[in-house]
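The values are calculated or read from the model by the stated rules, or taken from the named source; none is laboratory data. The structure displayed is predicted, hence computed values, not measured ones. We place every Cβ from the backbone using ideal geometry, glycine too, and count neighbours over all the protein chains shown.
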Amino acid sequence: MYTAEISRKEPTLFVFAVDGSGSTSRTLANSQESIAQRIALALNRLIFELVVRSTKGEDEVRDYYEIAALVYNGNGVQSGWVGALAGKEIAKISDLAKSPARLEERKRKVDDGAGGLIEVSTKVPVWFEASPSGTTPMCEAFARAKALMQSWIAAHPNAYPPALFNVSDGGSTDGDPTALARELQALTTSDGSVLVYNLNVSPTATGEVLYPADDNNLDADGRTLFAMSSEMPPHIAAALTENGTVIKTGARCCTINADMVQIVQALNIGTRPASLES
Amino acid sequence: MRLVVHVFSAQKDGNQPEQYEDAWARGSHGEMAMSDGATEGYNAARFARAIVKAFVEAPPQSTPGAVAAWLKGPIQTWHKGIDWANLPWNAQAKAERGSMATLLGIIFQDWKWNALAIGDICLFHTRQYAMLQTFPLTRPEEFGYTPSLLYTKAERNAKSLANLKVISGQCQLGDMFLVISDALAAWLMNIVASGDPKKAQRFLEMLAGLNQKRFHRLIKSLLAAGLLKNDDVTLARIFVV
């Protein structure tokens, strides 16, 4: 399980469900930025990394990944893509490569291969934005993610299993999403079940719990997040361990009251393939 | 001594011919080289071609320091082939991370040969359809996902070059050498390791009689049987005549 090669023939799907409720406008401790801004930055950087990983040459981006970025807030659930992809739900990585909403330029010096440095201007792309407002309809977001994954899996029955990354700063306001989360985990390809990550971020990161293996010491919200999250597959556990995080047997794909560094690590490692086409 | 060389190659199944990232070159004085550009590199085919061309035109001495100095040439060739100022943002970011490739170089001279290798391209020295020597790998389990590589980022090469493998030997009239990129080399190594010399002999006879048509048929049947990793494949066959 979780060993299928990610290739152009058999890509994989990542769905990001991002909490865009009013509370995400809170400023992070030791920062000028809000939770919403930092989540958007983390997601744009992650997509940048996935695009670069899929780039082979000047004109070639291999479609190893398909990505949906949903925002859920007072306006319901909508796609968080801005620019040319606005309104589209699942975007191929080659479409993302072609269609950032904008590129922010900065100058950098790089090795010229002959012991010197040359100045190049680096372009930092933006695809995703969220404007915080209103409530947290997490059930609606999970239902939407489930619909997307169901039809995607029907078309890719042997793919490396899709993953949902639910990034939020608080509990659901439209009911308990646990049953929906379990229905998502019950979706399978021949290579394993859909992985559901619940990454709860806190502006102060007090009382953080990373990848719990049981729910004994969690509060009610923490127990819900625990119940909603997949058990961590061994290759993800190994990658996190390599990065210095302690992972117990039975750990769940779940962070509670984490800081943004930990959220970024979870996203980076969760989207790292066990095996990429060679 | 005279050398008769045939080279067979196929791009990874499902790829276009222009996506083939192995490279082969033969010089005018018994120098030959094969390189396998790594998929994760930016324009690895260009780096692989630059490496083999540099090897057959002016091979380095077989020491890590000499190879590191010699590698500046292929690295610059790779750099110069990129229009850095006009790359799309994603290609620029990828190109900045560089490229990488493996190398097996061999030089024949006066019934002697010497070879150097970084990575998992293999040389098989055979006589009368019996295996005399495999280099640099000797066991099937040595083929992994992380071979030693030569990098366009020069500072990364010290670690790889600490693993530089060198070998030399003698050859006789009628000997057959095979230089094979990793996927097919792993298949042949499995046969050699099976401990059945008759089976090895049968396959070496088959490889001695390969032509383009038979080569492509072989690759297709090995892929269908699940005996070959789907990858670019290159086989160079050298007869000493």
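Miscellaneous remarks
- Residue satisfying condition, being surrounded by 13 or more Cβ atoms within 10 Å (Cβ to Cβ), more than 16 Å from the chain's Cα centre (by Cα) and outside any helix (DSSP H, G or I), within set B:Leu235, B:Leu228: B:Leu228
- Selection over the range B:217-238 of residues that are in contact with a strand residue (DSSP E or B) (Cβ under 6 Å, 6 or more places away or on another chain) and either over 12 Å from B:Phe124 (Cα atoms) or small (Gly, Ala, Ser) (or both) gives a count of 5.
- A single entry from B:Asn163, B:Asn157 fulfils the requirement of being in contact with a strand residue (DSSP E or B) (Cβ under 9 Å, 6 or more places away or on another chain), under 20 Å from B:Glu40 (Cβ atoms) and in a helix (DSSP H, G or I): B:Asn157.
- Only residues that are outside any helix (DSSP H, G or I) and in contact with a Leu (Cβ under 9 Å, 6 or more places away or on another chain) were counted in the range A:178-195, giving 3.
- Residue, farthest from the chain's Cα centre (by Cα), within the range A:35-69, restricted to residues that are within 14 Å of another protein chain (Cβ to nearest Cβ) and of a type in the set (S, T, N, Q): A:Thr55
- Test: A:Leu28 is over 14 Å from A:Phe165 (Cα atoms), in contact with a strand residue (DSSP E or B) (Cβ under 9 Å, 6 or more places away or on another chain) and within 14 Å of another protein chain (Cβ to nearest Cβ): no
- Residue tally, condition farther than 13 Å from A:Ile93 by Cβ and hydroxyl-bearing (Ser, Thr, Tyr), over the range A:58-79: 2
- Extreme residue, farthest from the other protein chains (Cβ to nearest Cβ), among residues of the range B:88-122 that are of a type in the set (S, T, N, Q) and in contact with a helix residue (DSSP H, G or I) (Cβ under 6 Å, 6 or more places away or on another chain): B:Ser99
- Entirely in the range A:1-110, the strands (runs of 3 or more DSSP E) that have 3 or more residues that are surrounded by 17 or more Cβ atoms within 10 Å (Cβ to Cβ) and aliphatic (A, V, I, L, M): A:12-19, A:65-73
- B:Leu173 vs. criteria surrounded by fewer than 12 Cβ atoms within 10 Å (Cβ to Cβ) and at negative phi: yes
- Residue pairs whose Cβ atoms lie under 6 Å apart, sitting 6 or more positions apart in sequence or on different chains, and linking a residue in the range A:84-111 that is more than 10 Å from chain B (Cβ to nearest Cβ) to a partner that is exposed (fewer than 13 other Cβ atoms within 10 Å of the Cβ) and among the polar types (S, T, N, Q), are A:Lys107/A:Ser121.
- Given (1) at pLDDT below 95; (2) assigned to a loop (DSSP other than H, G, I, E, B); (3) hydroxyl-bearing (Ser, Thr, Tyr), index of the condition A:Thr122 fails: (2)
- Applying the set (1) away from chain B (no Cβ under 14 Å); (2) of a type in the set (A, V, I, L, M, F, W, C); (3) surrounded by 14 or more Cβ atoms within 10 Å (Cβ to Cβ) to A:Leu276 leaves exactly one unmet item: (1).
- In the range B:126-165, the qualifying residues are those that are under 20 Å from B:Ala186 (Cα atoms) and within 14 Å of chain A (Cβ to nearest Cβ), and the one that is modelled with the lowest pLDDT is B:Tyr145.
- Helices (runs of 4 or more DSSP H) (entirely within the range B:1-116) containing at least 2 residues that are among the basic types (Lys, Arg) and more than 17 Å from the chain's Cα centre (by Cα): B:72-80
- Test for B:Ala58: is it closer than 20 Å to B:Trp24 by Cβ, more than 9 Å from chain A (Cβ to nearest Cβ) and buried (at least 20 other Cβ atoms within 10 Å of the Cβ): no
- Cβ separations smaller than 8 Å between residues 6+ apart or across chains give the following pairs from the range B:12-36 residues that are touching a residue at least 12 places away in the same chain (Cβ under 8 Å) and within 14 Å of chain A (Cβ to nearest Cβ) to residues that are crowded, with 24+ Cβ neighbours inside 10 Å and in a helix (DSSP H, G or I): B:Glu21/B:Ala44; B:Glu21/B:Ala48; B:Asp22/B:Ala48; B:Asp36/B:Ala48; B:Asp36/B:Asp182.
- Top-ranked residue in the range A:215-247 [being touching a Phe, Trp or Tyr at 6+ places or on another chain (Cβ under 8 Å) and not in a helix (DSSP H, G or I); ranked as farthest from A:Leu41 (Cα to Cα)]: A:Asp215
- Any hit, the range A:166-184, residues being in contact with a Pro (Cβ under 6 Å, 6 or more places away or on another chain), at pLDDT 95 or above and more than 14 Å from chain B (Cβ to nearest Cβ): yes
- Residues (of a type outside the set (S, T, N, Q) and in a strand (DSSP E or B)) located in the range B:117-146: B:Ala117, B:Ile118, B:Cys122, B:Leu123, B:Phe124, B:His125, B:Arg127, B:Ala130, B:Met131, B:Leu132, B:Phe135
- Among residues of the range A:112-144, those that are more than 10 Å from every other protein chain (Cβ to nearest Cβ) and of a type in the set (Gly, Ala, Ser), counted: 7
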